[in-house]
Amino acid sequence: MNNKFYITTPLYYVNAAPHIGHSYTCIAADCLSRYYRNLGHKVHFLTGTDEHGQKIQRAAEAQGLEPKVFADKAVSVFKGLWETLNISYDDFIRTTESRHEKAVQKVLEILYKKGELYEHVYQGWYCTPCETFWSESQIQAGNCPDCKRPVEKIEEKNYFFKLSKYQDWLIDHIKSHQDFIFPPSRREEVLRFLELNKLSDLCISRPKERLSWGIPLPFSPNHVTYVWFDALINYISAVGSFDKNDKYQSEWWPADLHLIGKDILRQHAVYWPIMLKALDIQPPKTIFAHGWWMIDSSKMSKSRGNVVNPIEMVDKFGVDVYRYFLLRDVPFGMDGNFSEDAIIKRQNGDLANDLGNLVYRTLTMIEKYFQGEITNVEINLKNKQAKEIEEKINALDSMIKTNMGEKDYNFSLALEPIWELINLANKYIEDTKPWNLAKENKTGELKEFIAVLVKVIRKTADAIYPFMPFTSEAIKQQVGKDNISKGKPLFPRIE
């Protein structure tokens, strides 16, 4: 399929309520999806929920619920948030759906037949919060090296996937495909890990007596599938299937972009491509690991009690202000510091002073001088500033494309030329002093001046659509084809 763009978020784990990190990934994916749809691409935007594993089983037990009932409740919260944030996903997959469970069992069957899985008695340390096994040398003072919580000693018979067999292949693939892992710092991180460590084979099962909540292994009904092995398969289970010769068929695969947080980079950049290689399926084109939002330079976590609730932020500031802040404030890929003061600064500056002010002032002038009618005026652009504005309008699409479509996915930089245009238009108003043109009855000049501003506003409305869809639509309604309907200012200042 030409011009296709298949983009995914991770499957969000339903053991706790969605937080700012979840909303950040989804807003970024939504922005890119809208952008590529506007360019005429066929877009498939996949998100969903990860619902198996020990953490879910324990969280459900704590509430006296069946795991599936617990998961259903959590899913409705996630879907409600995506609706609030105006997330335009094409498909929402749950790991408890039969289409996914069938695909996972098929993958296990294929790998088992190929000799890529083997049974082995495992002895070692297990971290329930991370659902990960660790060796003696990896644990730190009895704690998990990742989450720093206590691990428990376990001995059990499990199935293992031959991850180690493909280590050299993966190193070669990363080195020969510069676009495979972004940003470059994450690529280096994965390469360094692979070059300094010998990969262990991956334990892909859990005994049913210890954990019943999972997808049963087709060749061993006493085992269920390890939650990470199960969850990663969603990217192919959602968009294709295996034929009778075990060949995977899909019009969408390979994924053009897997968007993830940097804390799940190893699963996506090591486990996942190797799983695909063992299945004779192409790897995704790009895995982009973005940074974290911190509070006072420390990571948000439930235990610290500093988790930001996206719904509260939307109630306080509005959807598009929240979206704009997340996409504008930090280069995508880096960590950011979250604070309400920073959001207020963006709202009062970029949104109220710059964009809101431009729209409101222009509409007020059209009302005052031309009875709310926008006439089609020939713009002759004798004025140096008007010429500069026209050049900026003509160059805007390609300037945005440089930062949105060239693997950088730098939303912050893509927004900059839009605001440069807005600021040029505001300066044009200050310098031209249209009230003087009105006093001197220079109606022709005044009309042409207003026509330039209307052109800027319409172009801006188009350009901000992927980032702030509600605002884009509101501006288009205010600045109609032939007349205006001036409402309240788009962004009231917060004192």
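The values are calculated or read from the model by the stated rules, or taken from the named source; none is laboratory data. Keep in mind the model is a prediction, meaning the values are calculated, not measured. Glycine gets a Cβ as well: all are built from the backbone with ideal geometry, and neighbour counts include every protein chain shown.
Listed values, structure above:
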item	result
Search result, residues across segment 125-166 that are in contact (Cβ under 8 Å) with a residue 24 or more places away in the chain, in contact with a Pro (Cβ under 9 Å, 6 or more places away or on another chain) and farther than 19 Å from Gln57 by Cα	Glu156, Lys157, Asn158, Tyr166
Segment 463-480: number of residues that are of a type outside the set (Gly, Ala, Ser) and without any contact (Cβ under 8 Å) to a residue 24 or more places away in the chain	3
Test: residue in segment 88-97 that is free of Cβ contacts under 8 Å to residues at least 60 places away in the same chain and assigned to a helix (DSSP H, G or I)	no
Pairs where the first residue, in segment 256-271, is over 16 Å from Tyr409 (Cβ atoms) and the second is assigned to a strand (DSSP E or B) and modelled with pLDDT under 95, C-beta under 8 Å, 6+ apart	Tyr271/Leu202
Residue list for segment 222-240, restricted to those being surrounded by fewer than 21 Cβ atoms within 10 Å (Cβ to Cβ) and touching a Lys or Arg at 6+ places or on another chain (Cβ under 8 Å)	Asn222
Hits in segment 312-325 (condition: surrounded by 16 or more Cβ atoms within 10 Å (Cβ to Cβ) and out of contact with any Cys (no Cβ under 9 Å at 6 or more places or on another chain))	Met313, Val314, Phe317, Gly318, Val319, Asp320, Val321, Tyr322, Tyr324, Phe325
Residue satisfying all of: in segment 1-23; on the phi < 0 side of the Ramachandran plot and touching a His at 6+ places or on another chain (Cβ under 7 Å); surrounded by the most Cβ atoms within 10 Å (Cβ to Cβ) among these	Thr8
Subset of segment 135-166 [outside any loop (DSSP other than H, G, I, E, B) and either of a type in the set (A, V, I, L, M) or at pLDDT below 85 (or both)]	Ile154
Flag for Tyr122 being among the hydroxyl-bearing types (Ser, Thr, Tyr), in contact with a Cys (Cβ under 8 Å, 6 or more places away or on another chain), in contact (Cβ under 8 Å) with a residue 12 or more places away in the chain and farther than 30 Å from Lys244 by Cβ	yes
Residue selected from segment 334-387 under the condition at pLDDT 90 or above and not in a helix (DSSP H, G or I), by the criterion farthest from Ala414 (Cα to Cα)	Ser339
Among residues of segment 391-422, those that are of a type outside the set (Phe, Trp, Tyr), over 24 Å from Leu259 (Cβ atoms) and surrounded by 16 or more Cβ atoms within 10 Å (Cβ to Cβ), counted	5
Any hit, segment 449-463, residues being loosely packed, with under 14 Cβ neighbours inside 10 Å and either in a helix (DSSP H, G or I) or not polar (S, T, N, Q) (or both)	no
